[in-house]
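Just below is one structure, and these are the notes that go with it.
The values are calculated or read from the model by the stated rules, or taken from the named source; none is laboratory data. Quantities reported herein were computed from a predicted structural model and do not represent experimental measurements. Using ideal geometry, Cβ is built from the backbone for each residue, glycine included, and neighbour counts are taken over all protein chains shown. In case anyone asks, the SASA skips ligands and DNA or RNA and just uses the protein heavy atoms, side chains included. Shrake-Rupley method; radii C 1.70, N 1.55, O 1.52, S 1.80 Å.
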Amino acid sequence: MSLFSLGIARGLVGQTLGMLVGMLLTVVTRVLLGWEAWAAEPAWTVGAVCSIIGFLLGVGALDDWLQWTKGIDTPLHHGPPADKPAWTRYFSVDYNHKVIGVQYTVWGILLLMVGGTVAMIFRTELAQAGLQFLGLGLYNSFIGMHGMIMIFAILLGVGGMANYLVPLLIGAEDMAFPRLNALGFWFNVPGSLLLLLSLFIGGWDAGWTAYPPLSARGPIGYQLFFLGVFAIGLSSIVGSLNLLVTLLCMRPQGMSLFRMPIFCWAVFATSLIQLTATQLIGVSFLMVSVQRAIGMGFFDPRGILGEISPLVGGGDPVLFQHLFWFYSHPAVYIFVLPGLGIISELLPVFSRKPLFGYKWIALSSMAIAIVGFLVWGHHMFVSGYNDILRVPFMYSTLLVAIPTGVKFFSWLGTMWGGKIHFDTPMLFVLGAISVFLIGGLSGPILATVPTDFPLHDSYFVVGHFHATMFGGFVFPFFAALYFWFPKVTGRMYNETLGKIHFFIMTPAFWVQTLGQMGVGVMGMRRRIADYDPSLGNYQIESWHLAVTIAGFAIAFGVLLMLWNFFQNAEVGVAAGDNPWRSRSPEWQIPSPVPEHSFAAPLRVVGEPYDYGLADSGYVSTATPGDD
Amino acid sequence: MANNRRHFVIASVLIVIFTVLVYWLLDGVLLKPEAAVVQAAPIDNLFDQHIWLIAFLFALVVVFMCYALIVFRARGDEGDGEHMHGNTTLEIAWTVIPCVFVIYFAVISTTMLFDITRPHPDEYVVNAEGRQWSWLFTYPESGAITQELVLPVDTPIRIDLTSDDVLHNFWVPEFRVKQDSVPGKTTYVRFTPNKVGEYVLRCAELCGLNHSGMLAAVRVVSRDEFDLWNSEQIAQIQE
């Protein structure tokens, strides 16, 4: 078996070739126009676009469609490839949603580790005041890199959970569009590689938000960053379309919307946002990219570009922020809604009690998704937009508290009166609630404009959104990994190691977030390579040291989890089909899940969370004749 | 239900205790810089109200959660909990009651916002231009151009912010308020210093390589000292 039987290897070759072809195309065009042959920025930009296409062609994600254009029929291949070892399917284009789910998750975890490593590097730098080993330029590149890599990682993690779980939870054989599903995943690989590559051609120093005019002036790295984000955005759009169609059209008989497992509601709300808002970040970055490449000054007020831009003036830097946040605020809910869905999904299993207020939780996800579209301006309270806009955005932002509160109280209602078990997934759910609570509660103080003035763009904001991201994504994602690990592998992880991971990571995170918020209130700005040690009566340095140590503790916990999984995936204790005594459909079938998941079409015979109701079931996998 | 009532009484007592503890912890960690403008008093007051609300809601959820975890833990049995799907009255209650808090904070914040940003008829105007990576202050009254911001105490100030390169942000932590400077337009920030002292203006919008070092000295001086300084500046210009 040669290396090139792996799709990803062919994809990487395709990406390299695509990059070269794109650059060549630029050079030829320039020569034909009588210009100087080599110009780095257009060459890299066109190269990056072609490299994405090159990767997709190389990996084979477009194969079937290309065949169809020639009128050749390509039946959907099921199962591992015939002439290669079974594991190779995880490195190639595969149409099974379970394989794609694992691909998303593993790629997401890899990016999580890269982003985490970057964070550890600059966190070490911040442990003491003064610049120790990072230069200013590298520091600025690293903070943006950490942010964007983590966003990619989160989107991939969300994609992993949604793709693996949704068809299983609704008893569908696969997603509605398996080929589109594979394409959706494979967009992520060239996209994240472009992002990483950007660091080596100058990086980009405007943070993940990449506000112009700064981002319109910086190094070429920006172009690869913009196009990397564009590729990930395409993945979000096709992925969410697929999930929406799957959820709407492929549920079995009897599974009304209010009888879906609650995670499906979270995915539905998330997908609605992804399908309709992602275009805006694509557009905003594309406009900066075009402004840089050919001088169309969308965000350029008075010809700052000078000699580069023939079309000077007339643009507005604030416009970018509107476009950018119209996606990037709802994006926060894209990240956290699935995580909150995981919390709602797991609590009844480990509390042995029905989910309290199912409809309220389901509709609160929709409410958050809808209100989330109306709050983007709270990122811009001090941006210089019309002062009066602060008021409606303050009101809409405060409204988010209400559906979020409903979730918290309903979770408490679920636990109250249950018989609570403390396995590792449940511990992470509880950790998630405590951490998301910190994130949520630190929100209103940023929403009311007078208190936002001192806190805006301070480290307090860093503390706030790390708490929402950890509570809304990282903790629930880890809970999901521990919970479904036995379903994916058929083996049990080591429970003791899992608990150690939890008891290291959770207190460490509390210290981290409290420290971050603290130094922010003391007067430390975001995104600075060095801080004034006299802030907070000289307490700021000890807090930074504490945050750094906590960060390393979290990283250690994550490594422990990965080691735990790695150790037990092949040789761990057999987990059995339903170790958690869950009522959910995926636990009623063998572990690991067979190629076609359900042997017979699913029938819904009860409510999803009727724990404590004797002789009741949610679904039956038996054919009607068997009863 | 009688049992539940006992639980709620115990939990409520714990919530009160825990609220005070959380407030005390946050008050110890979230150390605000000294307040040096008139506007800081209402802002800090609102901040404090928020911290009380945070402490209470944190205590409410955490106490109920930990209480449930202890009282309703599975004691080695494999049975299930109470079969109960929810309670509409409760759901409505915890949807409506938070609305009251939201409205309260919305109203007082709006009033306060208009109050602290209201133009003052005799405000003293200084232009501040942010540039990578320093500040330049122009005094329209005297025509003085300085790298240090000198302001008279107890005088309403308006800073007109401009930039010729990228976004910057005017922030003196002791002044609380903050505003971006945006190329292509003039933005404003208003405050009334009420404490003589030396402060540091820190750019709070990522502006490239040396963003962390984009600082400027700010000196709030007495009216007399300011007039003296002002006449020195005028004398210098005339030389």
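Out of residues 5 or more away from B:VAL189 or on other chains, whose amide H comes under 5 Å of its own, with H placed 1.01 Å from N in the peptide plane?
Here B:ILE159, B:LEU161 satisfy the definition.
Compute the accessible area per residue over the protein assembly as shown, keeping the other protein chains in place, probe 1.4 Å, unit Å². Before the final figure, lay out each step's value.
Numbers: 31940 Å² over 866 residues.
It amounts to 37 Å² per residue over the protein assembly as shown.
Could you pull out the longest piece of chain A with no exposed loop chymotrypsin sites (Phe, Trp or Tyr not before Pro) in it, calling a site exposed if DSSP puts it outside H, G, I, E, B and it has at most 13 other Cβ atoms within 10 Å?
A:134-627
Using the Karplus curve 6.51 cos²θ - 1.76 cosθ + 1.60 with θ = phi - 60°, what ³J(HN,Hα) values do you get for each residue of region A:279-294, in whole Hz, with x for Gly and Pro?
Calculated HN-Hα couplings, in order: 3, 5, 6, x, 5, 5, 6, 4, 5, 5, 4, 5, 4, 5, 6, 10 Hz.
What are the semi-axes of the equivalent ellipsoid for region A:79-151, taken as the square roots of 5 times the Cα gyration tensor eigenvalues, largest first, in whole Å?
Three semi-axes, in Å: 39, 10, 9.
Just how far, in whole angstrom, is region A:523-541 from region A:326-393 if you go by their alpha carbon centroids?
Computed from Cα coordinates, the inter-centre distance equals 32 Å.
If you average 1/r over all unlike Cα pairs in region A:555-627 and invert the result, what Kirkwood radius do you get in angstrom? Intermediate values should be presented prior to the final figure.
Working: mean 1/r = 0.0677 Å⁻¹.
After inverting the pairwise mean of 1/r, the radius is 14.8 Å.
Take the cross-link list A:LYS407/B:LYS178; A:LYS359/B:LYS178; A:LYS359/B:LYS32; A:LYS70/A:LYS487; A:LYS407/A:LYS487 and give me the ones stretching past 31 Å between alpha-carbons.
Details: A:LYS407/B:LYS178 34 Å; A:LYS359/B:LYS178 42 Å; A:LYS359/B:LYS32 42 Å; A:LYS70/A:LYS487 40 Å; A:LYS407/A:LYS487 27 Å.
Going by Cα-Cα distance, A:LYS407/B:LYS178; A:LYS359/B:LYS178; A:LYS359/B:LYS32; A:LYS70/A:LYS487 fall outside the 31 Å limit.
Skipping prolines and chain starts, which residues have an amide H placed within reach, meaning under 5 Å, of the one on A:SER458, given they are 5 or more residues away or on another chain?
Here the answer is A:ARG526, since their amide H atoms fall under 5 Å of that of A:SER458.
Interface B/A, total buried accessible area with a 1.4 Å probe, nearest 100 Å²?
Details: alone 14980 and 24810 Å², together 31940 Å².
In total, chains B and A hide about 7800 Å² from solvent.
Regarding region A:119-214, what's the average projected area of the Cα-atom convex hull, expressed in nm²? Could the numbers behind the result be given before it?
Details: hull surface 34.2 nm².
For region A:119-214, the mean projected area of the Cα convex hull comes to 8.6 nm².
Give the aspartates and glutamates reachable from B:LYS195 as a straight Cα distance under 18 Å; neighbours fewer than 8 places away on the same chain don't count.
Result set, ordered by chain and number: B:GLU34, B:ASP44, B:GLU123, B:GLU148, B:ASP154, B:GLU174, B:ASP224, B:GLU225, B:ASP227.
Given region A:303-417, what whole percent of its Cα pairs are spread farther than 25 Å? Don't skip to the answer; put the middle values down first.
Details: 2788 of 6555 pairs.
Roughly 43 percent, rounded to a whole number.
So if I average 1/r over every pair of distinct C-alpha atoms in region B:110-185 and take the inverse, what Kirkwood radius in Å does that give?
On the way: mean 1/r = 0.0743 Å⁻¹.
Kirkwood hydrodynamic radius for region B:110-185: 13.5 Å.
Can you tell me the equivalent ellipsoid semi-axes for chain B? Use √(5λ) from the Cα gyration tensor, largest first, whole Å.
Working: eigenvalues 556, 67, 56 Å².
So the three semi-axes of chain B are 53, 18, 17 Å.
For the protein assembly as shown, build the convex hull from the C-alpha positions and give me its volume per residue in Å³.
Numbers: hull volume 148.4 nm³, N = 866.
Convex hull volume per residue, Cα atoms: 171 Å³.
If you roll a 1.4 angstrom probe over the protein chains with everything in place, what fraction of the accessible area of the protein assembly as shown belongs to carbon and sulfur, to the nearest %? Write down the numbers at each step before the final one.
Working: 21440 of 31940 Å².
The value for the protein assembly as shown is 67 percent carbon and sulfur by accessible area.
I'm checking a number: the convex hull volume of the Cα atoms of region A:167-323, normalised per residue, in Å³. What is it? Don't jump to the answer; show the numbers that get you there.
Values: hull volume 18.5 nm³, N = 157.
Output value, Cα hull per residue: 118 Å³.
Would you calculate, for the protein assembly as shown, the mean residue ellipticity at 222 nm contributed by helices, counting each DSSP H stretch of 4 or more residues as -39,500 (n - 2.57) and dividing by all residues, to the nearest 500?
Working: 25 runs with 503 residues, N = 866.
Roughly -20000 deg cm²/dmol at 222 nm, from the helical runs in the protein assembly as shown.
How many percent of Cα pairs in region B:124-238 exceed 19 Å?
Everything past 19 Å amounts to 41 percent.
Can you give the Rg to Rh ratio of region A:388-520, both from alpha-carbon atoms, with Rh computed by the Kirkwood formula?
Values: Rg = 17.3 Å, Rh = 16.4 Å.
Rounded to two decimals, Rg/Rh equals 1.06.
I'm checking a number: the convex hull volume of the Cα atoms of region A:18-79, normalised per residue, in Å³. What is it?
Dividing the Cα hull volume of region A:18-79 by its residues yields 82 Å³.
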